Structure formats: structure tokens, C-alpha cells
1. Which one of these does PHE285 not meet: (1) under 26 Å from GLY235 (Cα atoms); (2) modelled with pLDDT under 85; (3) of a type in the set (A, V, I, L, M, F, W, C); (4) surrounded by fewer than 17 Cβ atoms within 10 Å (Cβ to Cβ)?
2. Looking only at strands (runs of 3 or more DSSP E) that lie completely in the stretch 166-278, which have at least 3 residues being over 26 Å from GLU139 (Cα atoms)?
3. Listed residues LEU364, LEU375; which is farther than 22 Å from SER316 by Cα, surrounded by 12 or more Cβ atoms within 10 Å (Cβ to Cβ), without any contact (Cβ under 8 Å) to a residue 60 or more places away in the chain and within 47 Å of the chain's Cα centre (by Cα)?
4. Please state which one of ARG201, ARG257 is surrounded by fewer than 17 Cβ atoms within 10 Å (Cβ to Cβ) and either at negative phi or among the β-branched types (Val, Ile, Thr) (or both).
5. Given the conditions (1) within 30 Å of ASN244 (Cβ to Cβ); (2) surrounded by 13 or more Cβ atoms within 10 Å (Cβ to Cβ), report the number of the one that LYS312 does not fulfil.
6. Taking LEU334 and the conditions (1) outside any strand (DSSP E or B); (2) surrounded by 17 or more Cβ atoms within 10 Å (Cβ to Cβ); (3) more than 41 Å from the chain's Cα centre (by Cα), which numbered condition does it fall short on, given that it satisfies the others?
7. Test each condition in (1) surrounded by 16 or more Cβ atoms within 10 Å (Cβ to Cβ); (2) over 25 Å from SER319 (Cβ atoms) for PHE404 and report the one that comes out false.
8. Go through the stretch 59-85 and count every residue that is in contact (Cβ under 8 Å) with a residue 40 or more places away in the chain and out of contact with any helix residue (DSSP H, G or I) (no Cβ under 7 Å at 6 or more places or on another chain).
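The values are calculated or read from the model by the stated rules, or taken from the named source; none is laboratory data. Keep in mind that this is a model prediction, so the values were computed, not measured. Using ideal geometry, Cβ is built from the backbone for each residue, glycine included, and neighbour counts are taken over all protein chains shown.
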Amino acid sequence: MFIQKQTRVKIITHKDTSTDFTTKYIIETNFEIKGVVEKSDIVGAIFGQTEGLLLDLDLRDLQKSGRIGRIEVINESKEGVSTGIIKVPSSLTRKETALLAATIETVTRVGPCEAEIKLVDIRDVRETKRKKIIQRAAELLKKWDQKSLESSEIEEKIDTDIKLGEIISWGPDNLPAGPDVEEDQDLIIVEGRADVLNLLRIDIKNTVAVQGTQVPKSIINLTKKKNSVTAFLDGDRGGTIILNELLQVAKIDYVARAPEGYEVEEITRKQMIKALQNKKPASIFRDSADQDVQEKKKYDGRMGILYRLLKKMNVSDTSIIVGAIENIETGNALGFDQDLKKVFEIPVGELFEKLRNYSNTKFLIIDGILTNRLLSLSINLKIKFIGCKNKEDELVIPDQIAIFYF
């Protein structure tokens, strides 16, 4: 045993973890001390080594004024090493509590023994109380005749918490799901937990969330056991990505989408019901996705860039323009109208003089160099796309026309 500087502190020598009503936060730390020490030694070291570091946060003054509570130490010594937990109740502000926690971590010795103190957590006691209050309010509301109540934000919040209580963790991946996901012969697949909650608001309980773009095997197997499976997804790019994945790996019978730009979790009851009523057979989406994949596989490298450019321009049949560029004869120029019908095929040398005769040209392909005067003429004729070998130096391309170099 060693001699420890006498320090007047209050110490809990039992496992009473209760806090009084003034406590806002609990600072919880782990410690490891290379030596056998007592609880009083640890508390004394904390008071002694933090003294004067932060004038406004002196532990003695804070304890006298009731701004921190009794320091609890749970200590266990084994093979010459002491380990355990320190808990400090605090009624300080969040910033002050964080500073106090950081100060406690600076303690490096308990008497002659080396010590290491690490913060585990700062718990908000009031948050725990709030959760208990909301949970109790939800229980009371379930027993209450709601017919006499008027709608309000408080009731909506409690209603949300009631529905949250119905969400279960399903399968080996603990996926958010409605309580009837197993029993119901129909299944609705959504993206996330918030989507499951929103559908519970209209009493749809046969739901499960994929929780990302990678579809869990448990959902793939579950779809095989159901009579009907509907994918109900967001009306954005993320929803399309998940839909394409589902169509490839799972048994999907129908597809419903939130309105464009909206997520399932944020749409109203009326919008959800309408979307589910207007669900479409998955075969429509599957055929479209397969066709899109096959088209993309046709092209790579420069042709891949051309394909994406034409898709962005909403060209209905990209193969016509792609084929024209791949098969154009040396020194020739081709023109196509809005409907992708060939308007002309002439030598490049005659193009500038004759192009005005084909004012319905929207797509121009030339086996040659794009000049400044040809670009100006094309802009005047409102041509949308030009495919060419190259362009004149310092030629500036305006935004209203797309250029592809092949």
C-alpha cells in the first residue's frame, strides 16, 4: 500500500446507480491501473490531478454547489492490475460536461501507479426520461377512446410511436418489417425502416425493408414462398437501382412507385393508396431493364460515350446514329431528321453549299473536320447533333448543340 494525499470526497461504496432529479448527464469511463488500489485512491487522484486545470470546473467547488453528484467507482483488482468503471453525474451544460469528461481523461497516475482512463459514453439522463414518457403516453392512448380527440401534432407524434412499436426485426439480418410479414401470403418490399413505418399508418403490415441496394438472401427466399410480391419503391434514381436489383434476383410480381422525386416515407396516405392501386406487372419493368442492359452491352469505349449522349438527348433508337457513324463512307456526310430518317448523303466538299436545302436536318454526321462556318450554319438550321472526326482549333461549341468526335 502507498500513502495517498488526503482529499475530502464523497464515495459510493455500493452499486447504487440512481441519480437525483437535477442530474442531466452521466459521464462513464473505463480505467486500467498498474497496481492494486482502493476506490478512495482513484477518486483522490481524480480530484488531485484535475485541480486547477480549468478554473471554472474545479471538482471540489462543483460538488459543493451540487453541479456534479457523488462519484461512483466500481473497482476490481486481478493479477496486480486494477480495472473498472467511474461514473460522474453532472448537471452542467453539454459543453461543460464534455470539458469535464476530457479533464478526467488526463489523469495518468493513481499514487505511484500508472493509470489510463478512457471515456466510454456521456449519457443524457433526460433523453431516457423522454423516451419513457412517450412510451407511456402511447400505452395510455391505446386504451383511450380517440373519437373525442382532435388531431394535433402531439397526437401524431404519439401515433408514430405506437406504429414504431409494431415494427419487428425480421430474419437473420434483423430487417425492419411489419408484424404480418411471415403470415400474410402477399408481401410488399420497401427500401427502409421509415417506409415500413409510413405503410403501418394505413394498416399495411405485410412489409419488409431491403435496407440498401444489395438484396439480402433472406428476402430472396421469402419471395419464393409468397403468392404475390410487390416492390414499392421511391420515385428517384435510388429506387430505380433497387428495383433493377430486385428484378434480377427475386420473384417480383408487381411494381409500385412513389410519385417522381418523392420517397415512400414522405408521401401521404392518399398517395400511398393510389400508388399501390396503380401497381403494374413486373414483367413490364423487367423487359425494359433487360433491353436497356443489352443495349449498353453493345457499346464500350467511345461508342459507350456516344450511347449515353444520345440517351441523354432522348433519342428513341440510338442504333441508327451509332450505325451511321460506324459505317460512314470516307469523305461523305449524312443527315437525319427528327424521326431519324435519312435526309441526304453527299460528299463533305458539297456540304456547306447544299445543307441549306435540307432544313429539316437534326442529326449531322461528317467524315471530316467541323469548321467555324459549318458550325454557324448548323446552329442557324437548329441542328441538335453533329458527329465528326475533329474540329478547327479554338472553335467554341455552344450549349445548344451536341458534338461527338469519332
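1. It fails just one condition, (4).
2. Numbers: elements: 168-170, 175-177, 186-190, 207-209, 228-233, 254-257.
Answer list for the stretch 166-278: 186-190, 228-233, 254-257.
3. Numbers: LEU364 fails: farther than 22 Å from SER316 by Cα.
One residue alone meets the criteria, LEU375.
4. On the way: ARG257 fails: surrounded by fewer than 17 Cβ atoms within 10 Å (Cβ to Cβ).
Unique residue meeting the criteria: ARG201.
5. (2)
6. Checking LEU334 against (1) outside any strand (DSSP E or B); (2) surrounded by 17 or more Cβ atoms within 10 Å (Cβ to Cβ); (3) more than 41 Å from the chain's Cα centre (by Cα), the one that fails is (1).
7. (2)
8. The total comes to 13.
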